[in-house]
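Working notes for the structure below.
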Amino acid sequence: MERKDTARIVAEKIVEVWDELLNSEVVGIPHLVGRISSDGEVEMSLVFFDEPTYERIIEDGCVSFTFPLEVKDPKELFMSLLKFIREGTTPSILEPGEKIKEPLKENLMKRGFEVLWIAGDSYVDAWVSKNGIRYHLSFERTGKDEYTLMRKEKVQ
């Protein structure tokens, strides 16, 4: 099966899962769990976990994945999922230990965070929001133009 056909099938499956999400009781963080076989067959389900989980396994030409639904619409989910499947990158994730280049505020915004407040130089505190969830982030300058996330806390 051609890649364009596979992408179309993935898009259709995402719409089905999105409709299921809208009609279900959310008990945790919703995730897509699926598999794309080498012949283009696509399996995808909606599953709930306590924590965001990203997993991508490529074996015998098949891709299996677990991907959290931390987006606002199915189109954004489709683009994020395809990027994750193809490249294995999760640009929206921000976990302690991760390094971010300057300018810090702009790079947080590129990752989809709304920066509510940011201050500091050697140590930076930031209050940010993403998909309706607010976070308090603490960074430490670890290089000339680089910061390392030291702490990430959800704010109620």
Complete set of residues in segment 91-135 that are under 25 Å from GLU76 (Cα atoms) and among the charged types (D, E, K, R): GLU95, GLU98, LYS99, LYS101, LYS105, GLU106, LYS110, ARG111, GLU114, LYS130, ARG134
Residue within segment 118-138 that is more than 20 Å from LEU32 (Cα to Cα) and assigned by the TED database to the domain that holds VAL33 present: no
Selection count where residues are closer than 21 Å to GLU51 by Cβ, assigned to a loop (DSSP other than H, G, I, E, B) and touching a residue at least 40 places away in the same chain (Cβ under 8 Å), scope segment 109-153: 1
Scope segment 46-77; condition among the small types (Gly, Ala, Ser) and surrounded by fewer than 13 Cβ atoms within 10 Å (Cβ to Cβ); matching residues: GLY61
Matching option when the condition is on the phi < 0 side of the Ramachandran plot and at pLDDT 85 or above, among VAL71, VAL42: VAL42
Set LYS101, LYS130, LYS110, LYS154: member being loosely packed, with under 15 Cβ neighbours inside 10 Å and in contact with a Gly (Cβ under 9 Å, 6 or more places away or on another chain): LYS101
Strands (runs of 3 or more DSSP E) enclosed by segment 12-108 - at least 2 residues per element that are touching a strand residue (DSSP E or B) at 6+ places or on another chain (Cβ under 9 Å), outside the structural domain of SER129 (by the TED database) and farther than 30 Å from SER122 by Cα: 29-36, 42-49, 55-59, 62-68
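The values are calculated or read from the model by the stated rules, or taken from the named source; none is laboratory data. Everything quoted here is computed from the prediction, not taken from an experiment. Cβ sites come from the backbone with ideal geometry, for glycine too, and all protein chains shown count toward neighbours.
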